[in-house]
Every structure is written in structure tokens, then in C-alpha cells.
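Every read-out reported here was derived from the displayed coordinates using simple, explicitly stated rules and does not represent laboratory data. From a predicted model like this one, the values you see are computed outputs, not experimental measurements. Heads up, the Cβs are rebuilt from the backbone with ideal geometry, glycines too, and the neighbour counts pull from every protein chain shown.
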Amino acid sequence: MHRTIPLGFGIVAVLLSGSVATGDVLILRDGQTIRAPILQESPERVVVDLGFDVLAIPRRQIVDIQREEQAATAPSQVRQTEHLYSTADLPPISAKQLAERFGEGVVLVASPAGQGSGFFISTQGHLITNFHVVEGERRLAVTVFRKVGDEFRRDKYEDVQIVATNSFLDLALLKVNLPPDYTPTITYLAAEDDLRDGDVVRAIGNPLGLERSVSEGLVSRRNRAEQGLVYIQTTTQINPGNSGGPLFDARGQVVGVTNMKIQGGEGLGFAIPTRYVIDFLRNREAFAYNSESSEAGYRYLAPPERRKPEPPPFLRPDVSR
């Protein structure tokens, strides 16, 4: 029988002082990490081998799980905020490492009218996408790409809730009802606004339905003004279907949300800076989804045209008098 121990700072400090130097990395809600091989997983707990003991950690205490092969790109410190998103100190990574580390955190958001991209920000299933991806829609589906062994598996979830929307910022917050045995890979938002012209950035998304496509480019202009807002202009290839996907910096932090490009131009893509996303999340109750609003996720259909030109009987004059 496994022991379940309340995880406080003192307990974690003891666990980290053990001799286990390799294994999977479990990131806890308080920002501490445990590195140990995982022996067993269930919807309620994760069991790890500490070398001198076996410990069962409640699933609700775990923010993220990084497999042993991801150790080189593991964050040294994770800070989970009360506003759903998390930040982390990440080392520089290559485009290949980025795809391996965060590819599972990028999803495809589909509706009867089209599709776009999105990315998980919480283990409870919250994700960010563009408002124009969900505008006028009430039936949404989210497809995740789960890595099982050396292969990716497509799982589609149709229980998707629109939590908040902001049409001016072109942002939407969704929540997917995920099965209890699946903890999504979350992405980390950049806490500092230190992006500069010429910095390397990368996008992961689903352009034209080509799932989990990775592209790389530069920041052409970090603060391009457009209609009262500031956008990140980038040479990273962005096409229809990329909308709502993350734009990463060289460390794997999300610095923007890709949302548009200039038609007829090459390498003229744009992304919403993360600072707007953070403000949107911090004030999400002000932008709570309202199904009665014309800007909510409902499509209002035009009434059908009349087939007969003459007025209906109840409007016709009474000629019997």
C-alpha cells in the first residue's frame, strides 16, 4: 500500500535532498519539483520511487509532469498564479526541443464554420485561443495530440465551455472537460516583457489543417501599432488555422498569440503580446461569456425568406363586409 503524504515545503525539501538524480520531473503547485521515476499513475495519484522509499502524490497537487527525456528542457522554477496561468524559468531550447516539450500543449479548435489553434494554460483544461476562432459558434471541439510511447494519438473532446471573450483584444478563454486520467501539457506565459527586434520566435499551430506545424522566424517589430493596439510583427510563417496558437521565444515561453497576417505578403505575421493575455486572464470575470450578447459564441441565423408574395390571410382586408 502506498503512503500519501501532505506535500508541504518541509516534505518537499526532504524529497529533493535524496540521492535520486535521474527520472521524471513532477512540478508541484507550490513551485517545487520532485525528480524520481514514476512507478504508477491513476486519476487520483502518481506513485514515484525515491530510491529509499515509495511515495504517492495526490494528482491535485501536481501542476505538470515532465518525462525523463524532457529533463534537459525542464523549468527550474514554476510559479502558478491565481489567474489560471503559470510562469517558469526556462533554459534556451532548440526548435526540435520546443516541439517535443510543448507540442502536446497545442490543440486544434474546431467549429462548424472552421478551425484554429489554441494552447493549454492550466491542468484543469483551460486554454487560450482567438475570439474570431469561436465567434458566432456554440458547438466547439478541441483535438489534443497525446504522446503514447513514440507515437502521437489524436483525441477529440466536444465538451468545451466558453469561459470568457474579448472581441477587442481578439482573445477567448475556453475550458475543456478532460478525462481524469489525462493531465494536459501546459505552456508558460512570459512574465517579463523583454522581447526585442531581431529575437528568434517560433510558432506551433494547425495552418490549413496541417496539425502541429512548427515554424521559426524573427521579431520584425516588437510593437507594431494597429487600430489602437500593439502587436508583435514576425517573419514566422502564420496562415489560416494558426489563429489562436502560441508564439514562443527562444526559451519556450509564450510571448504572443498568433492572430493575423497581411494577405499577399510574405513573412508578415502578427501576434497579440502576452501582456494583453495576462490582463485578460486577471480580469476574466469582466469578460465572462454571455450567451445573450451578439458577440457571444452563438450564430444568429437570418429568418427564412417568404415564398408567397401576397400578404398572409390574417392581414388581408375583410371584403365580406
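Observations
- Using Cβ point charges alone (K and R +1, D and E -1), the dipole size of the stretch 161-218 about the Cα centre works out to roughly 280 debye.
- Kirkwood Rh (inverse of mean 1/r, distinct Cα pairs), the stretch 101-205, angstrom: 14.6 Å
- Counting neighbouring beta carbons within 10 Å and listing from fewest to most, the residues PHE168, PHE119 come out as PHE168, PHE119.
- For ALA203, the shell of other residues with beta-carbons less than 14 Å away shows a net charge of -1, using +1 for Lys and Arg and -1 for Asp and Glu.
- Within the shell defined by Cβ-Cβ distances under 10 Å, the residues around TYR85 carry a net charge of +1, with Lys and Arg each +1 and Asp and Glu each -1.
- Footprinting exposure proxy for PHE102, PHE152 (fewest neighbouring C-beta atoms within 10 Å first): PHE152, PHE102
- Highest-first packing order for the peptide set 36-42, 234-240 is 234-240, 36-42, based on the mean count of other beta carbon atoms within 10 Å.
- Interatomic Cα distance distribution for the stretch 200-275, bins of 5 angstrom, percent: 4, 19, 32, 27, 14, 4, 0
- Whether the stretch 79-123 is rounded, prolate or oblate, judged on the alpha carbon gyration tensor where a/c under 1.5 counts as rounded: oblate
- Of the peptides 186-193, 257-264, 224-231, the ranking by mean beta-carbon count within 10 Å, highest at the top, reads 186-193, 257-264, 224-231.
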